[in-house]
Structure formats: C-alpha cells, structure tokens
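The values are calculated or read from the model by the stated rules, or taken from the named source; none is laboratory data. In this text the structure is predicted, and so the values were computed from the model without any measurement. Counting neighbours? That spans all protein chains shown, and the Cβs are built from the backbone with ideal geometry, glycine included. Keep in mind that these areas ignore ligands, DNA and RNA; they rest on the heavy atoms of the full protein, side chains included. Shrake-Rupley method; radii C 1.70, N 1.55, O 1.52, S 1.80 Å.
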Amino acid sequence: MTTRSRPAIVVAATPTSNGDLHVGHMSGPYLGGDVYARYLRATGRQVLYTTCTDDSQSYVVSTAHRRGLAPDELVRTSMAKIERSLDAMGTLIPGLPPIDDRYRATVVDFLKELHAAGRFHLRKVQLPYARNAGAFLYDGLVTGTCPSCLASSCGGACENCGHPNNFDELLDPKYTIDPGDTVVYRECEILVLPMEDYRERLTSYYAARTPRWRPHARQLIGELLSKPLPDIPVTIPGTWGIAAPFPETPGQIVYPWVEAMPASMYATWWTATQLGRPTAEVDELWRADHDAELVYFHGFDNVYHWGLVDLVMLLAHGDKYTTPESNVCNEFYDLDGEKFSTSRNHLIWSADLLAEVPRDLVRFYLALTGPEFQRANFTRESLHTTTTRRLITPWNDLAEAIALAMVGVDGTRPLATTEAGRWRAGSVL
C-alpha cells in the first residue's frame with residue numbers, strides 16, 4: 001500500500017468532561033489535529049479525525065464538588081459545551097461519541113484480553129488516604145509537590161515537568177476536596193501493568209521514531225527511559241468510573257488513564273460510522289493488518305501518558321494493533337502572560353471568542369501563534385492587530401486590485417479573452 005493510499009487516523013487528546021475547551025486547549029491538539037487532517041484529506045488520503053470525552057477522570061469529581069454539581073450533571077453539560085466548541089471552530093470531528101454501554105464494553109474487553117494473557121500483576125502499594133473522608137486519593141483528588149521538579153502538582157503526573165508520581169511519590173499530599181482532612185498512607189492491593197517489561201520494545205520503538213517528536217517532548221521521553229519505568233495502575237480503589245471486572249480487585253474501578261486506547265478505538269469506530277464507513281468490530285481500524293497511519297495530538301503535560309502508558313497498552317497486545325507514527329505535542333499557551341486557569345477564571349472560552357470574532361480569523365491567529373516548540377502568549381490586542389495586518393488587509397487589497405483589473409466583467413467593458421476565460425475571471429473575483 002502506498003503512502004498516498006494509506007488510511008489515516010488522527011486522534012486529539014481526549015478532553016476531560018469537567019468544563020468547556022478554552023482557547024489554550026483549542027490552540028493545541030484540537031486545531032493542530034484538524035489542520036493535519038485537512039492536509040491529509042487535501043492530498044487525497046482517507047482520514048478519520050476523532051476524539052471522545054474522558055468522563056472517568058477524577059477531575060470530574062473534584063470540579064463537580066467545587067461547583068456544587070453532581071458529577072454526571074457536570075459530564076453531561078461539559079460534553080455539550082465541548083462538542084459546541086469543536087463545531088464552532090469548524091473541525092472535521094463529526095461530533096463526540098456517547099459514553100455508553102458500548103463504550104464501557106470496549107474498555108472492559110480490551111483489558112480483559114490482557115488480563116487473560118497474564119499481562120497484569122497484583123501489587124501491594126501505598127496510596128494517600130483521606131482519613132476523615134475515608135477515601136483513597138489519586139490523580140485529581142490529591143495535590144502536593146512534584147518529587148522531580150518540586151512544583152505544585154496533582155497526582156499521577158506533573159503538569160510542569162511531565163514526570164509521573166504514582167502512589168506515594170507525591171510530596172506533602174493534600175485532599176483536593178477538603179485540604180484540611182488528614183492524609184495518611186494505607187496499603188492497597190491493585191492490578192498493575194509493569195512498564196519495565198516492555199523496555200526493549202519501547203527503546204526500539206523510540207530509536208526509530210523520536211525524530212518525529214518535538215525536542216522538548218523527546219527530551220522528556222529520554223529522561224523517563226533513562227531510569228526504571230513505573231508500574232501502570234490498571235485498577236484503583238475509587239467510586240467514579242468503570243467497575244473493574246477482575247476477581248482480584250473487588251470493589252475497585254478501572255484506572256482512568258488506561259481507558260485512552262480503547263476509548264480512541266471506540267471513537268474511531270463511531271466516527272467512521274457517522275461518515276458512512278462502519279466496521280464490524282470496534283477495534284478493526286486499529287488492527288495492524290489495516291495499516292493505518294496513526295497520529296496523536298496532545299499537550300506536553302500528557303507526554304508520559306500518550307507517549308509511554310498508552311503505547312505500552314498497545315504493545316501488551318503483542319502485534320495486534322498499529323502503533324503511532326507520530327506524536328505532535330504542543331507546549332502551554334498563556335493568556336496575557338499567565339497560564340490559562342479555570343480555577344482563577346483566567347481564561348477565554350473558545351465558544352465565546354468564536355461568537356465575537358469570525359472563525360477564519362481565530363483559526364488563522366491560533367495556527368500562527370500556537371505553542372508548537374515553546375510557550376506562546378495570546379492577547380486580544382495581538383489577535384486584532386495580527387489578523388488585520390496579515391489576513392484582512394492583504395485579502396481586501398487583493399480583492400480591490402482584482403476588481404479594478406476586471407472592470408467590465410459585468411459586460412460594460414468585456415475582458416479581451418474568451419467567454420470561458422471571462423467566466424473564470426468572474427469566479428476569481
């Protein structure tokens with residue numbers, strides 16, 4: 001199969017359904033993935049551009065508590081807002097797939113296959129535990145200090161440096177919902193996927209593909225591979241998410257981050273169905289014999305997950321699935337010199353901006369100034385001056401010049417060309 005005829009699957013990082021997409025989100029994976037998908041389509045490639053909401057994340061629980069909402073209500077309203085924003089931006093994503101029984105079955109079947117093959121190990125780990133609430137803490141439910149860079153961080157992985165901090169690694173842990181609650185450590189038995197078991201395949205994979213990564217993300221991958229690789233939690237003692245189907249871990253849920261690969265397969269299947277290209281099996285288009293070009297778009301804070309965790313989840317299935325040919329990773333996009341922040345209300349929602357400014361101008365400016373290799377900054381003043389100088393004025397000048405050159409297209413002074421030529425000239429005008 002030639003490159004030109006190969007199908008392509010472009011996946012934008014699955015957005016957490018705890019709010020809308022602000023301009024910082026949109027400038028990265030969602031617009032970037034759309035530009036690439038449009039490029040592929042323009043060159044004659046068959047492309048599926050897709051994503052789906054990440055409803056199981058613990059950030060849904062913490063955000064819902066902060067807003068005084070039930071988690072399922074927050075998920076429902078957030079999904080509608082995210083879908084509206086993607087549509088307003090004019091992306092090729094034909095909508096967001098429902099997180100329904102078919103989705104949950106896809107996740108469970110993907111994991112049960114690995115469980116049956118003996119890929120998961122039972123581990124006793126120390127987890128932060130909120131004594132008064134009687135709850136184990138992970139990811140968005142716990143904050144503290146990153147053990148790698150000493151920046152403020154939530155559990156799981158540090159947004160600042162990108163390094164993981166699973167289990168008891170986060171320093172000075174606090175319960176996000178109740179910072180005054182006493183946090184201790186308690187032992188818990190969970191299922192894990194040992195990433196170290198896949199070191200040889202990871203090393204081989206990145207030896208061939210790291211040139212396709214941007215430098216900062218490539219550096220982080222190198223740092224992570226230079227030391228012992230952590231175990232990937234597969235189950236976790238929690239109450240929000242998909243019930244873990246394994247007898248060894250009764251009452252636990254599927255760790256949210258291991259949903260990403262089956263979720264992306266499900267989203268690909270759903271998108272193909274929406275476009276009139278249904279498949280019999282949900283994972284069919286991701287199978288190696290389909291030979292699709294798989295490309296991810298995500299932010300730097302997700303390099304560890306999309307670059308290692310999700311890759312190992314595919315490798316653990318042997319040679320069954322394709323692996324990504326590229327990860328396109330963006331840096332952070334600041335607003336007026338400071339990081340976008342939902343909690344501090346320092347943000348601009350994408351839908352609000354698109355309601356004020358024509359979509360073509362927003363797409364042009366975000367594509368021009370997006371944080372591809374380093375942090376970038378958004379200001380409304382720059383949006384106005386840059387699009388006026390680089391897009392609006394040149395196009396209007398061109399239109400005016402063409403109009404002057406083509407006086408008579410309406411028949412008053414016909415151009416000295418054929419009738420077909422005059423028709424084409426009129427089309428250009």
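General remarks:
- For TYR266: the one exception among (1) out of contact with any strand residue (DSSP E or B) (no Cβ under 9 Å at 6 or more places or on another chain); (2) in a helix (DSSP H, G or I); (3) at pLDDT below 95: (3)
- Qualifying residue in the stretch 130-140 (condition: open to solvent by 50 Å² or more (accessible area, probe 1.4 Å), under 24 Å from VAL60 (Cα atoms), touching a Lys or Arg at 6+ places or on another chain (Cβ under 8 Å) and modelled with pLDDT of 95 or more): no
- Filtered residue count, the stretch 90-129, keeping only those that are touching a Leu at 6+ places or on another chain (Cβ under 9 Å), surrounded by 15 or more Cβ atoms within 10 Å (Cβ to Cβ) and assigned to a strand (DSSP E or B): 4
- Of the listed requirements (1) under 19 Å from ALA260 (Cα atoms); (2) surrounded by fewer than 18 Cβ atoms within 10 Å (Cβ to Cβ); (3) under 17 Å from the mean Cα position of the chain (by Cα), ASP87 misses just one: (1).
- Top-ranked residue of the stretch 269-303 - restricted to ones that are outside any helix (DSSP H, G or I) and acidic (Asp, Glu), ranked as farthest from ALA37 (Cα to Cα): GLU281
Here is a yes/no grid of residues against (1) open to solvent by 20 Å² or more (accessible area, probe 1.4 Å); (2) on the phi > 0 side of the Ramachandran plot:
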position	(1), (2)
ILE9	no, no
THR16	yes, no
PRO29	no, no
ASP34	no, no
LEU40	no, no
GLY44	yes, yes
TYR49	no, no
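- Within the stretch 51-65, the set of residues being buried (at least 20 other Cβ atoms within 10 Å of the Cβ) and farther than 25 Å from PRO371 by Cβ comprises ASP55, SER56, SER58, VAL60, VAL61, SER62, ALA64.
- Among the residues of the stretch 270-287, the one identified as in contact with a helix residue (DSSP H, G or I) (Cβ under 9 Å, 6 or more places away or on another chain), open to solvent by less than 60 Å² (accessible area, probe 1.4 Å) and without any contact (Cβ under 8 Å) to a residue 40 or more places away in the chain is THR279.
- Residue match in the stretch 351-363 (condition: within 17 Å of the chain's Cα centre (by Cα), in a loop (DSSP other than H, G, I, E, B), surrounded by fewer than 18 Cβ atoms within 10 Å (Cβ to Cβ) and at pLDDT 95 or above): no
- Residue check, GLY68 surrounded by fewer than 16 Cβ atoms within 10 Å (Cβ to Cβ), out of contact with any strand residue (DSSP E or B) (no Cβ under 6 Å at 6 or more places or on another chain) and within 15 Å of TRP270 (Cα to Cα): no
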